[in-house]
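Here the structure is laid out as structure tokens; the discussion comes afterwards.
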Amino acid sequence: MSELSVRSGGQAGDGIASVGETIARCFSRMGLHVFGLNAYQSVIRGGHVWYHARTGDGRPHSQGDGLDILYALDKQTVDVHSAGLRRGGTVVFDPEKFAVSESELPAGVTALPVPTLEFARKYTSQSILQNAGGIGATAFLAGIPLDLLHQVLQDSFGRKAGDVVTWNLGASAEGYHFAETHASANASAVRKGGAPKLLMTGNQAIALGAAAAGCKFLAQYPMTPASGVLHWLAAHAQSLGIVVKQAEDEIAAINMAIGASFAGVRSMTATSGGGFALMVEALGLAGMTETPVVVVESQRCGPSTGLPTKTEQGDLNMMLGAGQGEFPRAILAPTDAKDAYLATIRAFELAEAWQTPVLLASDLHLSESHFTVDREEVALNLEPSSLFTVPPNGHEYKRYQYTDSGVSPRALPGQPGLQFVAGSDEHDEKGHLVSDTRSGIPRWVAERVQMMDKRMSKLRGLRADSAPPVLEGPAEAPLTFVAWGSTVGPIRDAMAQLASQGKSTNLLYFPTVFPLDPDGIVTALGRTHRTLLIEANYSGQFGRLLRAETGVHLTDRFLKYDGEPFYPHEIVARGLEELDHGGK
Amino acid sequence: MAESSARVVPTPTGSALPLIGKSDTKPTWCPGCGDFGVVAAVEMAVKRLQIPSHNVVIVSGIGCSSNLPHFLSSYGFHGLHGRSLPVAEGIRWANHGLTVIGTGGDGDGFGIGAGHFIHAMRRNVNLTYVTMDNQIYGLTTGQASPTSVMGQKTKSTPTGVIEHPIEPISLALASGATYIARGFSGDVKQLADLVAGGIQHNGFSFIDVFSPCVTYNKINTFDFFRQRVYKLESAGHDPSDIVAAFARSLEWGDKIPIGLFYKTDRPTYEDLEEVLAAGPLALQPSGIKGRNDVLDEFV
């Protein structure tokens, strides 16, 4: 695919994310697919942050490898990023702030000094307006029409005070015309594609999916990188009729969600690993009381506080094992925004059908990156049913009645004549405690086993209801990448690069990481020739799970735990090693 | 899954439907336990207010007293140690047509659950929280609790407690609860009045109950309290005066006050949560079918 990558960098507080998102939105509004990577640090002002927007005539699945236009708000941006510039690329900077000589840039890369501060001063003393001139120059180089840029800027300021909009339009036009006069557009400059696409983060797709699934209640405690779910739903709570509660901690958040679900609304909580660690006991509460709840676990670099703004897939072991004792659960792992929308809906369906907690395993790379989706990919066509239904049995209601599927009729508080107590202690079919005066008595020992079997039997149904592994690419390829979650994106891009070199590879990924279907997986893996397991963690946690469930040991692994997303070129290099030399 | 789509909606209060009563589960508390008086008072209060049992949810944590929901005929949620209040809040926000009563002990509410206690009060969630305060851990066989008195010897403090006890009434006053009372399980009639008043109050109602543990607490016994308690209403206390209430809450010794310490009116969380103005959340439509305007912001 023909592609164009634009990167802007500077210090936190410089407005980099907003510069980058403006460029990304111009592309998506031109009908082009975009991948936007927002790279930042755990600091509010200072440090070094950048935003990378990648577009082209295909669908980018990751941030890709090189870049074509670098808008540098400080010298550090040039020092850190200029090596990635492709031939024909350009560095946009303001010579009033620092100098860039072409001798320090890769061959064939141009330095374009743009007097952005000078443009800004014509309108205001607020130096942040320099960004408008920089955006204008960058937009010209990228092939974005000025009127489209202006529409995007106008929309992003909304109905705010007119002056700010006027200044931005003026300064960006000056930057645009300056670049037009002093430089040529990049050779890969974009052209308008089809209908405008939707630009959203993974977190926004999750929030949208939750709303579509009929979620009426979110309780959450702020934690990067899951906070975007809270922010989007809080902003739309009134319009969509969803109660959004910022709880005092994650323990409260999940218990609130469980309480709300018990009382008859679809409920969710979202967090990252540290918060999920606090939710662990309540996850079992949902399992024991058979209360549906959806938990979004957006992973970041651990352990402990780790690298709060960097990505990892290091929490799978915790998600698998969270909770004392055993209870049924499912863990879904979406790969991109459109998948996150659908997987969230699926999570609600599974939780409700099987009356048990369902985890949605995201990570920073999925939660906070920007993706484009087509409107039809997020069609808002679901009509969630009422949860108030008449339990099917007649005279004597038993909330935890033994059934073949393990799922018992669920009554909700407020329904006359069906009162029961949901208990975290072991209980009988009616919900009466077995734990106090009955445990250890032979009849109740047997009852405990029967109730445990009933709950755990739901795993069969969960497994049958869950999405099986997906094989992408030529079935007979000599190398199969094995992955889950957001790493699928860069693998797809790497496969395209390998294909352009005449190397055939395919991908086996797992939309459901638990429960797995061992027989199906053994069959699927049996058809592969050579595999390379790719995970963003230290120990190959999913590989260990696969081995435990199937006995198949994937020995060739590409594991990364540096906090950075996988780059396609890294996967290409490892893939070539596997293909050419039989791997390590 | 339930097959029928027929909808049964929660009904408003009225006496046509069965009122609360005892369930078919007998309490398992030790003979003479203070908690018998509390369950009797809760039953009396709910019955007196004619709230049908299917519209009542009693939510508890873990501990001897947290078994209470099993002994009455309403809906119940017997959750995790210390986590009754977040569950109770979630239930209220999902269906504020329900009467929600939290029950539990001092370890559950003021130890492991202290953070939730404070935040539920500042939110003024409209629920009634009854703590059976026996100043000891009972179900774990006699360790010190957050309200055990200084010097008390327990299994975990063989040489005596060296931490100042939490004063739940003072804490509630400082945290923003809008109905704050103290009862004594030796006076079930007054306790039932206090619980009924709490249920009727629009806001967070907290009733701390001296509910002696006859097995593990040999200091704070029924006799200890019988000799010391006096009623605030007979002592001319003005429950609208928060400063006076605070002063009364610090009284401990020969004279210990019981009754209504403080009552005020402040909008509840449910009053201020605009989404709930359209009625109980559980009865509102769900989903965003056809709301394509929601997608426009992503263009």
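Details
- Ellipticity at 222 nm from helices only: DSSP H runs of n ≥ 4 in chain A, each -39500 (n - 2.57), divided by the residue count, give -12500 deg cm²/dmol.
- For the residue pairs B:K153/B:K255; A:K216/B:K263; A:K75/A:K197; B:K189/B:K255; A:K398/B:K22, alpha carbon separations beyond 25 Å are given by A:K216/B:K263; A:K75/A:K197.
- Cα pair count fraction exceeding 21 Å, expressed as % - region B:210-299: 62 percent
- Between 0 and 90°, nearest 10: helix A:541-550 axis offset from chain A longest Cα axis: 40 degrees
- Global geometry of region A:470-581, whether rounded, prolate or oblate, following the gyration tensor of its Cα atoms and the 1.5 cut on a/c: oblate
- Prolate/oblate/rounded label for region A:199-378 (Cα gyration tensor, a/c 1.5): rounded
- Ordering A:S435, A:M451, A:A464 by the projection of their Cα atoms onto the charge dipole of region A:419-464, which places +1 on the Cβ of Lys and Arg and -1 on the Cβ of Asp and Glu, puts A:A464 at the extreme positive end.
- Kirkwood hydrodynamic radius of chain B, from inverse mean 1/r over distinct Cα pairs, in Å: 20.0 Å
- Within region A:3-182, antiparallel bridges make up roughly 55 percent of the DSSP beta bridges whose residues both belong there.
- Angle between chain A longest axis and helix A:488-500 axis [Cα atoms, degrees, rounded to 10]: 50 degrees
- Selected from B:P168, B:P86, B:P158 as most flexible by GNM, with chain B as the system and alpha-carbon contacts under 10 Å: B:P158
- Across the protein assembly as shown the C-alpha pair distances fall into 10 Å bins from zero in the proportions 2, 12, 20, 20, 17, 13, 9, 5, 1, 0 percent.
- Rounded to 5, percent antiparallel among DSSP beta bridges of chain A: 40 percent
- For B:L19, the residues whose modelled amide H falls within less than 5 Å of its own, excluding neighbours fewer than 5 places apart on the same chain, are B:S53.
- Cβ charges +1 (Lys, Arg) and -1 (Asp, Glu), total dipole of chain A, debye: 560 debye
- 0 to 90° range, to nearest 10: angle between helix A:568-581 axis and chain A longest Cα axis: 70 degrees
- DSSP-defined antiparallel bridges as percent of all bridges, region B:35-296, nearest 5: 15 percent
- Projecting the alpha carbon convex hull of region A:3-182 along each direction and taking the average yields 9.7 nm².
- The calculated pair-distance distribution of region A:313-412 uses every alpha carbon pair, bins of 5 angstrom beginning at 0, and gives 2, 10, 16, 17, 17, 13, 12, 8, 4, 1, 0 percent.
- For B:A177, no residue 5 or more places off, or on another chain, has a built amide H under 5 Å of its own.
- Calculated [θ] (222 nm, deg cm²/dmol) that DSSP helices of n ≥ 4 give over chain B, each run adding -39,500 (n - 2.57): -7500 deg cm²/dmol
Each value in this text was obtained by applying a stated rule to the coordinates, not by laboratory testing. What you see is a predicted model, and the numbers here were worked out from it, not measured in a lab. No Cβ is skipped: glycine too gets one built from the backbone with ideal geometry, and neighbour counts run over all protein chains shown.
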